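Working notes for the structure below.
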């Protein structure tokens, strides 16, 4: 099944020549063949060491790191996560953040984090190839370059897709307010949303002219649904509005709406329901490919807002 999927995705011969490891995360075992007996994950780790190439390290002697993710701590502030491309960095070093708009901001490295298994551990020094967390910059974002001098060229980065859906999160002011949660005020909800956007850069948060109402821009409905569910489990009471598509107007006045491609593999008995759902969202079916394996499925491709 996996091999067939790679073939359909037009994988190269090199990509199709992949090793196969059978593993169970629940039981904590891995094996190269199904009939083998195993008591741990050693075959998986051996395959990673054998087949996964080591990180490419630049020959440049100076420190360079591309921020690829963000985290936040109430104790040390914003944490810039990424892999060091070249050079080394030490706690106490004075380094520069080259922002996306070209500005260069200098600050001192206050903390360095690395990883041992699933645990985050504090370190004093890191070198090229290491994946680290670094603190010292309060205003640092994904795609920005950390380096040693202001005149260094920034590293290349692929822009994050802009938000496509807008929703409003409001304080619960219904007659049943205060019965399900312990955080019910606008201050509580706003602080939680600000904390979320510090580490989740794909979300955008804005205040509105209405008291107790906050605007959230996201990549999709599911992303906001996950945030709302997390907040409710944490004890926040809130209300949400209907989602709105974010339109963009060009310089010549044309109005653009977000368009995405959807690929669906499904059994025949679900074909009608999925096509109806796509039609309800004004989707356009571009191709329908019938494949025959152990079961028959159909692939739908649509372009929809």
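Read the figures in this text as sums done on the coordinates, not as results from a lab. Predicted model only: the values in this text are computed from it and were never measured. Note that we place each Cβ from the backbone using ideal geometry, even for glycine, and neighbour counts take in every protein chain shown.
With springs only between Cα atoms under 10 Å apart, run a GNM on the chain and tell me which of 204, 64, 125 wobbles the most. Evaluated over the chain, the most mobile residue of the options is 125.
Modelled spin labels at residue 232 and residue 250, positioned 7 Å past Cα toward Cβ, are 4.1 nm from each other.
Applying the Kirkwood pairwise sum to the alpha-carbon positions of region 165-245 produces a hydrodynamic radius of 12.6 angstrom. Each 5 Å bin from 0 upward holds the following percent of the Cα-Cα pairs of region 2-42: 6, 22, 22, 13, 14, 16, 8, 0.
For the chain, adding -39500 (n - 2.57) for each run of n ≥ 4 DSSP H residues and dividing by the number of residues yields -5500 deg cm²/dmol at 222 nm. Take every pair of alpha-carbon atoms less than 8 Å apart whose residues are at least six positions apart; their mean separation over the length of region 156-217 yields a relative contact order of 44 percent.
Find the relative contact order for the chain and round it to a whole percent, using C-alpha pairs within less than 8 Å whose residues are 6+ positions apart.
Values: 548 pairs, mean separation 35.7, N = 305.
12 percent.
If I model region 1-123 as equal point scatterers sitting on the Cα atoms and use the Debye formula, what is log10 I(q)/I(0) at q = 0.11 Å⁻¹? The Debye formula, applied to the Cα set alone, gives -0.67. Springs between Cα atoms under 10 Å define the GNM used for the chain, and in it the highest mean-square fluctuation of 198, 106, 242 occurs at 242.
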